[in-house]
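Student: I have a structure here, written as structure tokens, and I will follow up with some questions on it.
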Amino acid sequence: MENILVTGGAGYIGSHTVKALAESDEFSPVVFDSLVTGHREAVPESVPFVKGDIHDGDFVAETLEKYHIAGVIHFAAFSLVGESMTNPLKYYNNNVEGTLHLLEGMKQAGVDKIVFSSTAAVYGEPEKTPIMEDFPHNPTNVYGRTKLVIENMMRDCTNAYGLQYAALRYFNAAGAAEGGYIGEDHNPETHLIPLILKTAQGVRDHISIYGTDYPTPDGTCIRDYIHVVDLAQAHILAMKYLLQGGESNYFNLGSEKGFSVREMIEAAKKVTGKDFKVLEEGRRAGDPAVLIASSQKSKKVLGWKPCHSSIEEIIASAWNWHVNHPYGYSKK
Ligand code: UDP
């Protein structure tokens, strides 16, 4: 068993990856989380939990040594696109500077493998789809820029110190693990699927469609939704890849299928059996019309196979979480 430090392991994708690591035969997770946005309840009592901030490189190094960590999976970051535009320094401080200290701590402790939570936002508005890893990087928001700076920072560390990293560029993470115990709980919530489902259960009054004049068949934005359980599996495969001597690399993670906002709303009505109010509004700033991944590289190099990413399974699993936790982790 190799011990893996999961920064941000109390967050949405982090907690699903912790669950997958704990259930694997090869890895044991140790969670490192400041709980600024994470939820303590998202991590089982049986998993070692260290409350800490990645800005404290010495404490990171101490933790890596204490738990004999073989590699780091790094989720800890702020991730609200809108907030990143109005408060960019908060994002550069937390995401970029925080990762800088994390990397220093790793260097100090002699840990040289990191799987990094990156984003499709590094591509910005693509010229064509599906998006391949070597497409130009022109993020249209600060959040995406912080992730791109970190990818570049890690590449420099590969050249200088031999750090080995895998940057995983997620498309639209969605869904929840079976059982409905962990799921998506952001404050404020800005993502389409949780907002639709909160509307279906009556916690919200309506769902707004942001823009109906996009150059798509039904005029609404098209996105590539990928189940969080499939994403979790990709992190395990990427860590194995690095531990087996794989070189620093970057990978798209998406289902390779696109669904419009209207299609998602219709699918949610069908899966939940609920009808609800839908309002058509103007575009949200910075939203590209179509984002669809090519995940061929992840499939070929990592052996990744997304198995849970049908729209029905994504929505049904998220619905199960929302029905069990209408107000997220804090209130039952
Ligand atoms: N969206 C929407 N109404 C909402 C939230 C999102 O129409 O209340 C749209 C948004 O414009 C985008 C898609 O749904 O085209 C997915 O948005 P989300 O914020 O979930 O993810 P993003 O693609 O921005 O990472």
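The values are calculated or read from the model by the stated rules, or taken from the named source; none is laboratory data. Bear in mind the structure is a predicted one, so any value in this text is a computation, not a measurement. We place every Cβ from the backbone using ideal geometry, glycine too, and count neighbours over all the protein chains shown. Only protein heavy atoms, including side chains, enter the accessible area calculation; ligands, DNA and RNA are left aside. Shrake-Rupley method; radii C 1.70, N 1.55, O 1.52, S 1.80 Å.
Student: Rounded to a whole number, what % of the accessible area of the chain do carbon and sulfur atoms account for, probe 1.4 Å?
Tutor: It is 50 percent, rounded to a whole number.
Student: Continuing with the same structure: For region 1-50, treating each Cα as an identical point scatterer without solvent, what Debye log10 I(q)/I(0) comes out at q = 0.26, 0.29 1/Å?
Tutor: -0.89, -1.09
Student: Over the Cα atoms, compute the radius of gyration (one decimal) and Dmax (the largest Cα-Cα distance, rounded to a whole number) for region 127-235, in Å.
Tutor: 17.6, 54
Student: Given axes a ≥ b ≥ c from the Cα gyration tensor, I'd like to know whether region 47-170 is rounded (a/c under 1.5), prolate (a/b larger than b/c) or oblate. Show your work: numbers first, answer last.
Tutor: Numbers: a/c = 2.22, a/b = 1.57, b/c = 1.42.
Prolate, because a/c is 1.5 or more and a/b exceeds b/c.
Student: Run the simple label-point estimate for His206 and Lys299 please: 7 Å along Cα→C-beta, distance reported in nm.
Tutor: 4.1 nm
Student: Summing Lys, Arg as +1 and Asp, Glu as -1, what charge do residues with Cβ under 15 Å from the Cβ of Met1 carry, Met1 excluded? The partial results should precede the final answer.
Tutor: Numbers: positive: Lys240; negative: Glu2, Glu23, Asp25, Glu26.
Every neighbour counted, the sum reads -3.
Student: Taking every DSSP beta bridge that has both residues in region 176-325, what percent is antiparallel when rounded to the nearest 5?
Tutor: Numbers: 2 of 8 bridges.
In region 176-325, approximately 25 percent of DSSP beta bridges are antiparallel ones.
Student: What translational diffusion coefficient, to the nearest whole µm²/s, does region 142-192 have by Stokes-Einstein, given a Kirkwood radius computed over alpha-carbon pairs, a temperature of 10 °C and 1.306 mPa s viscosity?
Tutor: Numbers: Rh = 13.9 Å.
Taking Rh from Cα pairs, D becomes 114 µm²/s.
Student: What number comes out for accessible area per residue over the chain if the probe is 1.4 Å? Units Å², please. It would help to have the intermediate numbers written out before the result.
Tutor: Values: 14480 Å² over 332 residues.
Spelled out: the 1.4 Å probe surface of the chain, per residue, equals 44 Å².
Student: Okay, next question. Please give the helix 142-161 orientation as an angle from the longest Cα principal axis of the chain, in degrees from 0 to 90, rounded to the nearest 10.
Tutor: 20 degrees
Student: Could you tell me how far the Cα centroid of region 50-81 sits from the Cα centroid of region 235-309, in Å?
Tutor: 26 Å
Student: Note the per residue figure in Å³ for the convex hull of the C-alpha positions in the chain.
Tutor: Numbers: hull volume 40.6 nm³, N = 332.
Convex hull volume per residue, Cα atoms: 122 Å³.
Student: Related question: Mind checking the full-extension length gain between Asp25 and Tyr181? Use 0.36 nm per residue of separation minus the Cα-Cα distance, one decimal, nm. If you can, show how the numbers build up before the last one.
Tutor: Values: separation 156, 0.36 × 156 = 56.16 nm, distance 2.19 nm.
So the chain would gain 54.0 nm between Asp25 and Tyr181.
Student: For the chain, take the longest principal axis of its alpha carbons; what is the angle in degrees between that and the long axis of helix 228-243, to the nearest 10 within 0 to 90?
Tutor: Between helix and principal axis, roughly 20 degrees.
Student: Let me ask something additional. Taking the Cα centre of region 1-95 as origin, work out the dipole magnitude from +1 charges on Lys and Arg Cβ and -1 charges on Asp and Glu Cβ, in debye rounded to 20.
Tutor: Details: 5 positive and 13 negative charges, 63 e Å.
Value, rounded to 20: 300 debye.
Student: Determine Rg/Rh for region 18-72; Rg is computed over alpha-carbon atoms and Rh is the Kirkwood hydrodynamic estimate from the same atoms. Could you put the intermediate results ahead of the total?
Tutor: On the way: Rg = 11.5 Å, Rh = 12.0 Å.
Reported Rg/Rh (Cα atoms, Kirkwood Rh): 0.96.
Student: Next question. Compare the Cα positions of Met1, Tyr241, Ser330 along the charge dipole of the chain (+1 at Cβ of Lys, Arg; -1 at Cβ of Asp, Glu; about the Cα centre) and return the one farthest towards the positive end.
Tutor: With unit charges placed on the Cβ atoms, the residue in question is Ser330.
Student: Right, something else. What figure, in Å² to the nearest 10, do you get for the accessible area of Ile207 with a 1.4 Å probe and non-protein molecules left out?
Tutor: For Ile207, the solvent-accessible surface is approximately 10 Å².
Student: Quick one: helix 98-109 against the long Cα principal axis of the chain, what's the angle to the nearest 10°, folded into 0 to 90?
Tutor: 30 degrees
Student: Report, in debye and to the nearest 20, how large the dipole of the chain comes out about its Cα centre when Lys and Arg carry +1 and Asp and Glu carry -1 on their Cβ. Mind dumping the intermediate values first?
Tutor: On the way: 30 positive and 41 negative charges, 90 e Å.
Around 440 debye, computed over the chain.
Student: Further, regarding this structure: Got a sec? Charge dipole of the chain, +1 on Cβ for Lys and Arg, -1 for Asp and Glu; which of Ser117, Asn172, Met85 is way out at the positive end?
Tutor: Asn172
Student: In terms of modelled amide H atoms, which long-range or inter-chain residues lie less than 5 Å from the amide H of Asn252?
Tutor: Amide H neighbours of Asn252: Arg169, Ser298.
Student: I want the antiparallel fraction of DSSP beta bridges within the chain, as a percent rounded to 5.
Tutor: Numbers: 3 of 42 bridges.
The antiparallel fraction comes to roughly 5 percent.
Student: Okay, next question. In terms of the ratio Rg/(2.2 N^0.38 Å) built on C-alpha atoms, what value belongs to region 234-290? Mind showing how you got there, number by number?
Tutor: Details: Rg = 18.7 Å, N = 57, 2.2 N^0.38 = 10.2 Å.
Taking the Cα Rg and dividing by 2.2 N^0.38 Å, one obtains 1.83.
Student: Turning to a different aspect of this structure: Rounded, prolate or oblate: which fits region 178-234, taking a ≥ b ≥ c as square roots of the Cα gyration tensor eigenvalues, rounded meaning a/c under 1.5, else prolate when a/b beats b/c?
Tutor: Note, shape of region 178-234 comes out oblate.
Student: Where nothing but the Cβ of Lys and Arg (+1) and of Asp and Glu (-1) is charged, how large is the charge dipole of region 10-154 around its Cα centre, in debye to the nearest 20? Working shown, then result.
Tutor: Numbers: 10 positive and 20 negative charges, 53 e Å.
With Lys and Arg at +1 and Asp and Glu at -1, about 260 debye.
Student: Let me know the shape class of region 202-332, please: from the alpha-carbon gyration tensor, a ≥ b ≥ c as square roots of the eigenvalues, rounded when a/c is under 1.5, otherwise prolate if a/b is greater than b/c, or oblate. Mind showing how you got there, number by number?
Tutor: Details: a/c = 2.45, a/b = 1.51, b/c = 1.63.
The shape class here is oblate.
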